[in-house]
Amino acid sequence: MQWLSALNKHFSWLPQWFLSSFTYAVPWLEASMGIMLLFNKTRKFAIGFILGMHAIITFLLFYLGYGYNVVPWNIQNMVSVVAVFWGLQTVKFSDFFIKFFDKQRALLLVFTVVLPLSNNLFGVYDKLLSFHFFTADLNYYNVVIKDDLKEKLPRHIQQFYRQYEGQTYIQMNEWAQRDNKVLFYPQERIILYMEDYLKSFADDPSSDNLLELIVYNNQGKE
């Protein structure tokens, strides 16, 4: 649903049925390209599709003016799919996993599958760098600003105030996109740092009645 929300925001001129269909088709398209990479007859088509997809994503990131931190990831995917699959010819299905499995492919497998999956299971490093990135269970925050703090924050922060059911809040992704051109980094230590920073403008930063942190992507609040 976050994908659909972003598409509605930036491409509202397109028909809603198209935006909805595209949103739900994307994961199936990506998965099917992965399967097509395993076979000689479909491998070059899949490589072309993947290169085109990541090129379009990279272009849109610059066009929309934020999310630049994802550009290296897209470029890495483009380089990897060529390095691993271009020129690869298999006789039978098992060749892909056994005959052509060299040190280069083993290293790519470690960094693209083993490490992200292990972190998803055991939480060794930041969630954004693991398969959590694809499972939509990262924590993106709204910060509800209470009355005791609302007028104390600087003007450049107040411009991000939104209203919802009588409450004033800041959507951290919106603030980060405007100031840093990237999404807010969804790690607990970062939001706690921002909590302390916002509270520092209050007369009594230790007060419990200054703000409230809400994980909006889990509660549906925009």
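Each value in this text was obtained by applying a stated rule to the coordinates, not by laboratory testing. For clarity, every value in this text was computed on a predicted model and none was experimentally measured. Every residue, glycine among them, receives a Cβ derived from its backbone with ideal geometry; neighbour counts consider all protein chains shown.
Numbers for the structure displayed
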item	result
Segments 79-90, 164-175, 13-24 sorted - mean Cβ within 10 Å per residue, highest first	164-175, 79-90, 13-24
Over the range 141-219, relative contact order from alpha-carbon pairs under 8 Å, at least 6 apart, %	46 percent
Amide H partners (placed H, <5 Å) of L211, local residues excluded	K146
Other-chain or far-sequence residues with amide H under 5 Å of T168's (modelled H)	I145
Most positive-pole-ward Cα, Q167, M194, Q177, against dipole of the range 141-219 from beta carbon charges	Q177
